[in-house]
Amino acid sequence: MASNPENPDRSNRYTYAKAGVDIDAGNELVQQIKPLAASTRRAGADAALGGFGGLFDLAACGFRDPLLVAANDGVGTKLRVAIEADEHETVGIDLVAMCVNDLVVQGAEPLFFLDYYATGHLDVDVARSVVSGIAEGCRQAHCALIGGETAEMPGMYSRGDYDLAGFAVGAVERDGVLPRADLKAGDVLLGLASSGFHSNGYSLVRRIVEDERLSWSAPFPGGDGANIGQTLLTPTRIYVRSLLSAIRETQAVKAMAHITGGGFVENIPRVLPDGLAARIDGASWSMPPVFRWLMKLGGLDEAEMGRTFNCGIGMVVVADADKAEDVASFLRGAGETVYRIGELAEAENGGERVVIEGELGSGR
């Protein structure tokens with residue numbers, strides 16, 4: 001049948017690739033990340049990719065009476081630093097960390113992880129670097145990467161941009177859920193050192209760096225040779241293995257708080273019962289140099305630092321006063337830097353749930 005010159009043949013005029021979605025690139029990425037997922041194998045998961053869903057055998061983990069605990073999170077605008085600095089290897093660790101650190105504060109062992117990677121144009125090399133970081137984070141947390149989703153959505157993101165979301169599921173024995181019910185005034189607060197800003201406050205970080213016209217590739221002042229971008233991309237510390245060991249071996253951890261955006265003031269009260277407050281000795285640790293650098297660069301006051309960043313303490317652990325040193329000693333042996341930063345006290349009616357005495361992070 002001859003084509004009508006007024007209605008020319010439109011066959012093969014459009015393809016998915018011409019619309020901006022490269023199925024072949026997506027398939028290539030899956031093949032490249034299969035070994036990365038396989039490297040995260042643990043009891044309950046063989047970490048094989050390719051099905052419509054990831055399978056996990058809870059019985060293989062040996063739980064008696066488990067509750068499942070789920071958490072999801074992202075990396076926030078720290079991704080903007082990674083994209084502009086062209087450093088993509090560590091934000092995947094951040095993605096895992098922000099999820100599994102939330103699980104462990106409830107006493108849960110992370111079991112498996114799934115990620116969501118969205119971009120306007122799939123760059124296989126960049127995506128593989130990101131997933132490589134995710135796999136490393138899973139290995140650090142002893143958590144299986146059992147699946148995920150890669151979404152190529154032209155028109156939704158500018159070229160070169162991508163976004164991440166992570167989803168973690170863990171399990172805890174019913175009688176081991178934290179926080180415990182026996183929190184009381186006099187319990188000691190232990191602070192575990194952070195590795196930097198973790199994945200919070202980067203909209204403020206980026207605004208200050210931009211207004212000061214600094215380059216991500218400029219040397220970080222007083223650093224060890226790393227540039228500003230690399231320093232600010234230091235990945236979030238994953239506390240899972242040390243904390244789970246401390247919970248099980250000491251039997252003395254009563255509660256934990258993951259210090260993310262909002263600092264002490266917003267995060268510690270989330271694990272405290274009514275009637276208790278946290279009293280923090282601001283001089284019990286020293287704020288790391290990267291925080292001091294930003295504070296001076298942006299003219300930030302202590303209150304703004306304290307409600308935006310972790311200021312050097314990424315996790316708070318609560319223990320009985322007579323067992324606190326045992327917990328601290330165990331955690332130090334597991335590789336953590338630990339400070340005794342305060343204690344719980346009776347809360348005054350209508351008073352603050354977190355009271356910081358002295359200048360935050362002013363210790364020497």
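The values are calculated or read from the model by the stated rules, or taken from the named source; none is laboratory data. Quantities reported herein were computed from a predicted structural model and do not represent experimental measurements. Methodologically, a virtual Cβ is constructed for each residue, glycine included, from the backbone with ideal geometry; neighbour enumeration extends over all protein chains shown. Protein only, heavy atoms only, side chains kept; ligands, DNA and RNA dropped before computing areas. Shrake-Rupley method; radii C 1.70, N 1.55, O 1.52, S 1.80 Å.
Of everything in region 116-139, what is farther than 18 Å from Val75 by Cα, in contact with a strand residue (DSSP E or B) (Cβ under 7 Å, 6 or more places away or on another chain) and open to solvent by 60 Å² or more (accessible area, probe 1.4 Å)? Give them in sequence order.
His121
If a residue has to be outside any strand (DSSP E or B) and in contact (Cβ under 8 Å) with a residue 24 or more places away in the chain to count, how many in region 249-261 make the cut?
Final tally of qualifying residues: 6.
Can you tell me which residues in region 52-104 are assigned to a strand (DSSP E or B) and within 30 Å of Asp123 (Cβ to Cβ)? Spell out how you get there, then give the answer.
Initial filter on region 52-104 (assigned to a strand (DSSP E or B)): 66-73.
Once the filter is applied, which keeps residues that are assigned to a strand (DSSP E or B) and within 30 Å of Asp123 (Cβ to Cβ), region 52-104 yields Ala71, Asn72, Asp73.
So the check is Cβ under 6 Å with 6+ separation or different chains; which pairs have a first residue in region 262-287 that's in contact (Cβ under 8 Å) with a residue 60 or more places away in the chain and a second one that's among the hydroxyl-bearing types (Ser, Thr, Tyr) and open to solvent by 50 Å² or more (accessible area, probe 1.4 Å)?
Cβ pairs passing all conditions: Ser284/Tyr339; Trp285/Tyr339.
Among all residue pairs at least 6 apart or on different chains, which show Cβ distances below 8 Å where the first residue, located in region 115-137, is at negative phi and assigned to a strand (DSSP E or B) and the second is aromatic (Phe, Trp, Tyr) and modelled with pLDDT under 95?
Every condition considered, the pairs that remain are Ala118/Tyr157; Thr119/Tyr157.
Do any residues in region 88-102 that are in contact (Cβ under 8 Å) with a residue 24 or more places away in the chain and under 11 Å from Thr234 (Cβ atoms) have Cβ atoms under 9 Å from those of residues that are open to solvent by 10 Å² or more (accessible area, probe 1.4 Å) and β-branched (Val, Ile, Thr), where the two are at least six apart or on different chains, and which pairs are they?
That search, which allows pairs on different chains as well, returns Thr90/Thr234; Ile93/Ile238.
All but one of (1) among the β-branched types (Val, Ile, Thr); (2) open to solvent by 10 Å² or more (accessible area, probe 1.4 Å); (3) out of contact with any Asp or Glu (no Cβ under 8 Å at 6 or more places or on another chain) hold for Thr250; state the number of the condition that does not hold.
Thr250 satisfies all of (1) among the β-branched types (Val, Ile, Thr); (2) open to solvent by 10 Å² or more (accessible area, probe 1.4 Å); (3) out of contact with any Asp or Glu (no Cβ under 8 Å at 6 or more places or on another chain) except (3).
I need the full set of residues from region 277-299 which are open to solvent by 10 Å² or more (accessible area, probe 1.4 Å) and more than 24 Å from the chain's Cα centre (by Cα), in order please.
Within region 277-299, Arg279, Asp281, Ala283, Ser284, Lys296, Leu297, Gly298, Gly299 qualify.
Of all residues in region 346-364 being under 15 Å from Leu189 (Cα atoms) and surrounded by fewer than 15 Cβ atoms within 10 Å (Cβ to Cβ), which is farthest from the chain's Cα centre (by Cα)?
Glu346
Mind checking whether some residue in region 59-72 is under 16 Å from Gly147 (Cβ atoms) and small (Gly, Ala, Ser)? Break it down into steps so the answer makes sense when it comes.
Residues of region 59-72 that are under 16 Å from Gly147 (Cβ atoms), as a first pass: 70, 72.
Remaining after also requiring small (Gly, Ala, Ser): 70.
Yes, that holds for at least one residue.
Being open to solvent by less than 20 Å² (accessible area, probe 1.4 Å) and assigned to a helix (DSSP H, G or I) is the filter here; which residues of region 34-48 pass it?
Answer for region 34-48, where residues must be open to solvent by less than 20 Å² (accessible area, probe 1.4 Å) and assigned to a helix (DSSP H, G or I): just Ala37.
Every residue in region 229-247 that is open to solvent by 70 Å² or more (accessible area, probe 1.4 Å), closer than 17 Å to Gly196 by Cβ and outside any loop (DSSP other than H, G, I, E, B), please. Steps first, please.
Within region 229-247, the subset open to solvent by 70 Å² or more (accessible area, probe 1.4 Å) is 230, 237, 241.
Keeping just the survivors that are closer than 17 Å to Gly196 by Cβ gives 230, 237.
If the condition is that a residue be open to solvent by 70 Å² or more (accessible area, probe 1.4 Å), closer than 17 Å to Gly196 by Cβ and outside any loop (DSSP other than H, G, I, E, B), then Gln230 is the only one that fits.
Within region 312-360, how many residues are on the phi > 0 side of the Ramachandran plot, out of contact with any Asp or Glu (no Cβ under 9 Å at 6 or more places or on another chain) and touching a residue at least 40 places away in the same chain (Cβ under 8 Å)? First the steps, then the outcome.
Taking region 312-360 and keeping what is on the phi > 0 side of the Ramachandran plot, we get 312, 335, 342, 350, 358.
From what is left, the residues that are out of contact with any Asp or Glu (no Cβ under 9 Å at 6 or more places or on another chain) are 312, 335, 350.
Then drop every residue that is not touching a residue at least 40 places away in the same chain (Cβ under 8 Å), which leaves 312, 335.
Residues meeting the conditions: 2.
Go over the candidates Ala257, Ala321 one by one and state the one that is open to solvent by 50 Å² or more (accessible area, probe 1.4 Å) and not acidic (Asp, Glu). Working first, answer last.
Details: Ala257 fails: open to solvent by 50 Å² or more (accessible area, probe 1.4 Å).
None of the other options fit; the residue is Ala321.
Among the residues in region 153-160, are any in contact with a Phe, Trp or Tyr (Cβ under 9 Å, 6 or more places away or on another chain) and in contact (Cβ under 8 Å) with a residue 40 or more places away in the chain?
No, the conditions are met nowhere in region 153-160.
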